[in-house]
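Let me begin by presenting the structure, written as structure tokens, before commenting on it.
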Amino acid sequence: MELSLDWRSVGLRGLAAIAFGVLVLVWPGLTVTALVLLFGVFVLVDGFAHLVAAFAARDNRGLLIFEGIAGVGVGVITLVWPDVTALALLYLIGAWAVVTGAIRIGAAIQLRKVIPNEWLLIISGALSVIFGIILFVAPVSGALAITWLIGFFALFVGMLLLGLAWRLRKGHGHIDVFTAPPPAPA
């Protein structure tokens, strides 16, 4: 199995998360439909970024393709049926956050021997999982509170992904996690 990380695709996902977070925080009174559409666009961009990274990978691209297709699928479903209920949207966002968070944590475990400071990916994944669980446990909290939570979550995860992209760019630019030799001791 191979995981390929290119600083550009990680950076694109980080920028998309930050843009989504800023839009949600700037317009806290967003209607549910507007929130659905913003989320749909964000997840669609994130999914396409994973697919681009998958095509840049040389060997087994399964994980990146799966995450990319899942993101594109959720994004398309969200954009095609924007009038889903707030509860369904929260469960959809929660499921997406748990799945992508678990994938990030798994990737971070594999990255620990390849790049320094893989903790950025671990924190990003853990926050995703925690955020998803919160949405499952307390979905009926106020819509405004959830909007703010979503905005801050997206901003923080976006910053962590940009930090990882910066590290990748400074270090190697592109890493095939399972085929790259471990870094030389400093």
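Give me a comma-separated list of calculated 3J(HN,Hα) values for segment 158-165, in order, Karplus coefficients 6.51, -1.76, 1.60 applied at θ = phi - 60°, integers in Hz, x for any Gly or Pro.
x, 5, 5, 5, 5, x, 5, 4
Taking a ≥ b ≥ c as the square roots of the Cα gyration tensor eigenvalues, with a/c under 1.5 meaning rounded and otherwise prolate when a/b beats b/c, else oblate, which class fits segment 41-162?
On the way: a/c = 2.30, a/b = 1.40, b/c = 1.65.
Judged from the Cα gyration tensor, segment 41-162 comes out oblate (a/c at least 1.5, b/c at or above a/b).
Read the figures in this text as sums done on the coordinates, not as results from a lab. Since the structure is predicted, the reported quantities are computational estimates derived from the model, not experimental observations.
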